[in-house]
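The values are calculated or read from the model by the stated rules, or taken from the named source; none is laboratory data. These figures come from a predicted structure and were not determined experimentally. As a convention, Cβ positions derive from the backbone with ideal geometry for all residues, glycine included, and neighbour counts pool all protein chains shown. Each accessible area value is taken on the protein alone, full model and side chains, heavy atoms only, with ligands, DNA and RNA left out. Shrake-Rupley method; radii C 1.70, N 1.55, O 1.52, S 1.80 Å.
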Amino acid sequence: MKKFKNISVFSIIGLVLLCLSSCDDTTDIYKVSTPSAPILADLNFSQIELDADNSNNPALSLNWEESDYGQQTSINYAVQFANDEAFTTPVTASTVTGRNNLTLSTSEINAAAGSAGLDPFSWATLYTRVVASLGSQNGESTASNAIQFDVYPYYNYVFNDYYLVGNGVAPGWNNNLNNPPLFRDADNQNLYYYTGYFANAGGFDEGRFKILESRGLWQPQWGVTPNEGDDTPAEAGDIAGNPTTQSGDPGRFGVPNAGYYQFTIDFSTKKYTLTPFDYSGATDFSSIDIQGSSTATTALTPLAIDSHMWYAAAIHLTPGDISFLTNAGSTWGGSTGFSGVATDGGEQVPVIVEDDYDVWFNDFTGRYILVPLNL
């Protein structure tokens, strides 16, 4: 019995020693030396003007000497841009593995310039470098030398705009007569609103309207999904679109009686609502002006059928801000560019890029939209 116990003790001691020996085995540890930085080759040009009409064309080809990590391994390379040589806030435009060259398109350079904080339609210096690293965690990173060039970015307007047409709205069935736009939600670019007056002179074919994507063009257009060809006014339902021809166009939205309604449409869910709007207690303004650093003070004009829907057509705005000044002395503004909701005493509406704009403002809801005409 004692012998059995002694053997067990020795066996345990042997196992412990074997484990300790195994822990000391470092033959499988992957070691790299302090890496050498990649060396980015100079460019053969000093400036580039980015062309929005050829956004997919190659714009910049970069080549570099690879880093040396002292091991045969695939190295990650991230191409970064910044508006300063210190790369205070770098922007990664693209990454490659196991290569020492990369070509970027016009749109990729334009996006990097915008993300780096460069203003569109003006010359500025853009810096670029390559950062080497290893593995999925980008370990042991080291940056190349920085090179620079001057760039003239364009502005990439990413939003869709939609317009009303029909005998229930101001322009009638004219697709290019100061057609009012829908007001885009600042946080959801698929969601749009229009709160205003809809006419109905009586009869089945009155008080109808559709949605156009471009003024002056009948396609693409949006309307209701007809129920057996009938487009009787409804408070909610599905929407349908026709991108090419008028054959098989969607049905018409409509209101049963003339009055103020709130129209909401979501192009992601393909749903809409159209409900009466209670405007009791609303203020009737006799005038509203645009003011701010982006333009000289300019009077807005109310729609003939709706004194609460104001607009200024083709007004030139420069980078800066605007607000809406009423005849009562109240100043309305919002914090989001291109579209949003203004409040009495709110922030100035930012104007991001210089262009001619159609500006619309609804004094019921405070919603505004700035539609650029040339972007």
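Under 8 Å between Cβ atoms, at least 6 apart or on separate chains: pull out the pairs that start in the stretch 46-69 with a residue that is assigned to a strand (DSSP E or B) and end on any residue that is open to solvent by less than 90 Å² (accessible area, probe 1.4 Å) and among the acidic types (Asp, Glu).
Gln47/Asp150; Ile48/Asp150; Ala59/Glu108
Output the number of residues of the stretch 328-348 satisfying the condition of being open to solvent by less than 10 Å² (accessible area, probe 1.4 Å) and over 17 Å from the mean Cα position of the chain (by Cα).
The number of residues fulfilling the criteria is 3.
Can you find even one residue in the stretch 13-25 that is open to solvent by 100 Å² or more (accessible area, probe 1.4 Å) and modelled with pLDDT of 95 or more?
no
Could you list all residues from the stretch 260-272 that are surrounded by fewer than 15 Cβ atoms within 10 Å (Cβ to Cβ) and among the hydroxyl-bearing types (Ser, Thr, Tyr)?
Residues satisfying the conditions are Ser268, Thr269.
Can you find a residue in the stretch 279-293 that is of a type in the set (Phe, Trp, Tyr), open to solvent by less than 40 Å² (accessible area, probe 1.4 Å), more than 25 Å from the chain's Cα centre (by Cα) and closer than 25 Å to Asp358 by Cα?
yes
The rows are residues; the columns are (1) touching a residue at least 60 places away in the same chain (Cβ under 8 Å); (2) part of a loop (DSSP other than H, G, I, E, B); (3) open to solvent by less than 30 Å² (accessible area, probe 1.4 Å); (4) not aromatic (Phe, Trp, Tyr).
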{"position": "Asp187", "(1), (2), (3), (4)": "no, yes, no, yes"}
{"position": "Gly196", "(1), (2), (3), (4)": "yes, no, yes, yes"}
{"position": "Ala201", "(1), (2), (3), (4)": "no, yes, no, yes"}
{"position": "Glu206", "(1), (2), (3), (4)": "no, yes, no, yes"}
{"position": "Ser214", "(1), (2), (3), (4)": "no, yes, no, yes"}
{"position": "Trp218", "(1), (2), (3), (4)": "no, yes, no, no"}
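Does Asp161 satisfy being within 20 Å of the chain's Cα centre (by Cα) and open to solvent by 60 Å² or more (accessible area, probe 1.4 Å)?
no
With the checklist (1) within 22 Å of the chain's Cα centre (by Cα); (2) in a loop (DSSP other than H, G, I, E, B) in hand, flag the one item Ile322 doesn't pass.
In the conditions (1) within 22 Å of the chain's Cα centre (by Cα); (2) in a loop (DSSP other than H, G, I, E, B), Ile322 misses (2) alone.
Do you know which residues across the stretch 170-185 are of a type in the set (A, V, I, L, M) and in contact (Cβ under 8 Å) with a residue 60 or more places away in the chain? Working first, answer last.
Of all residues in the stretch 170-185, those of a type in the set (A, V, I, L, M) come to 170, 177, 182.
Correct list: Ala170, Leu182.
If a residue has to be of a type outside the set (D, E, K, R) and part of a loop (DSSP other than H, G, I, E, B) to count, how many in the stretch 135-163 make the cut?
Result for the stretch 135-163: 16.
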